[in-house]
Structure formats: C-alpha cells, structure tokens
Amino acid sequence: METQAKPRVLLVDDEPIILRLLQVNMRLEGFEVIACSSGEEALRRASERPPDVVVLDVVLPGIDGFEVCERLREAPATARVPVIMVTAQAQDEDRERGYALGVREYVTKPFEPSDLVALVREAMAAASG
C-alpha cells in the first residue's frame, strides 16, 4: 500500500510565537511543516524542495515578504505555488501590492488559526485541480 506524502507548507514569520502557533496547528492538521524566520532562508528552502503552499509574513529581517513573493514567482519551480500572506500590514496599498504579486489570500493579524488552515487547504485544492 502506497502512503501519500503529506502536503508541505512553508511557514515564514520572524515572530517565534506566531511561527510556533502556525507550526503546531499545521502539524495537527496533517501537514509537513518547514518553518523559516527570514526571507533568505525561505527562498533557499523553497528552491531545495518546493512546498505546496507558502504562508508568508510581510515584515521580515533582510528581504521582506513582498520581495520573497516576487522571487518565488520568478523561479520556475515555485512560480505556481500558492502564497498566503499573514501580516500586521493592513493598509489597502499593502493588500493591493500583495495581490498584484499574485498572493492568493491576504490575512491580517490577529487571525484565527483554524481559518488559516482552511485557507491553506483551499489554496492547495485550487492549485491541484
């Protein structure tokens, strides 16, 4: 009997508490989790093994989430990977910039972890179907 690989989620947030909360919730829901606290690390990990979905903060040390999203879109291996931004940046221009870069959802902090899990599942279903 063949075991199905767990869907892989790349979580990127520089706040350890948020990152841990997301990790625990995603693992409980059956996801394989790759957690990163910087944009550079996220890009490196995504290029090594492209995830099924990226959950990405905007405010990060070094390169920000917008730049990470732009670079993910430019790389053939990750160009079609759904990106969900989770951020405290709630200004309309931030949302517009995110959607212009191709993010699937733009979620503002604070958020309900179960709602985020549902968005990740929807993004994966849409990407695969």
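Here, each number is a calculation from the coordinates, and none is a lab measurement. These numbers were taken from a predicted model, which means no experiment stands behind them. Here the Cβ is made from the backbone with ideal geometry for all residues, glycine too, and neighbour counts use every protein chain on show.
A few points about this structure:
- Restricting attention to the range 70-123, the residues being without any contact (Cβ under 8 Å) to a residue 12 or more places away in the chain, surrounded by 14 or more Cβ atoms within 10 Å (Cβ to Cβ) and either part of a loop (DSSP other than H, G, I, E, B) or acidic (Asp, Glu) (or both) number 1.
- Among residues of the range 46-67 being over 10 Å from the mean Cα position of the chain (by Cα) and either crowded, with 18+ Cβ neighbours inside 10 Å or among the small types (Gly, Ala, Ser) (or both), the one that is nearest to residue 101 (Cα to Cα) is 66.
- Qualifying residue in the range 25-40 (condition: in a loop (DSSP other than H, G, I, E, B), among the aromatic types (Phe, Trp, Tyr) and surrounded by 12 or more Cβ atoms within 10 Å (Cβ to Cβ)): yes
- Members of the range 1-44 that are among the acidic types (Asp, Glu) and under 19 Å from residue 124 (Cβ atoms): 29, 32
- Filter result (of a type in the set (A, V, I, L, M, F, W, C) and under 13 Å from the mean Cα position of the chain (by Cα)) within the range 4-17: 9, 10, 11, 12
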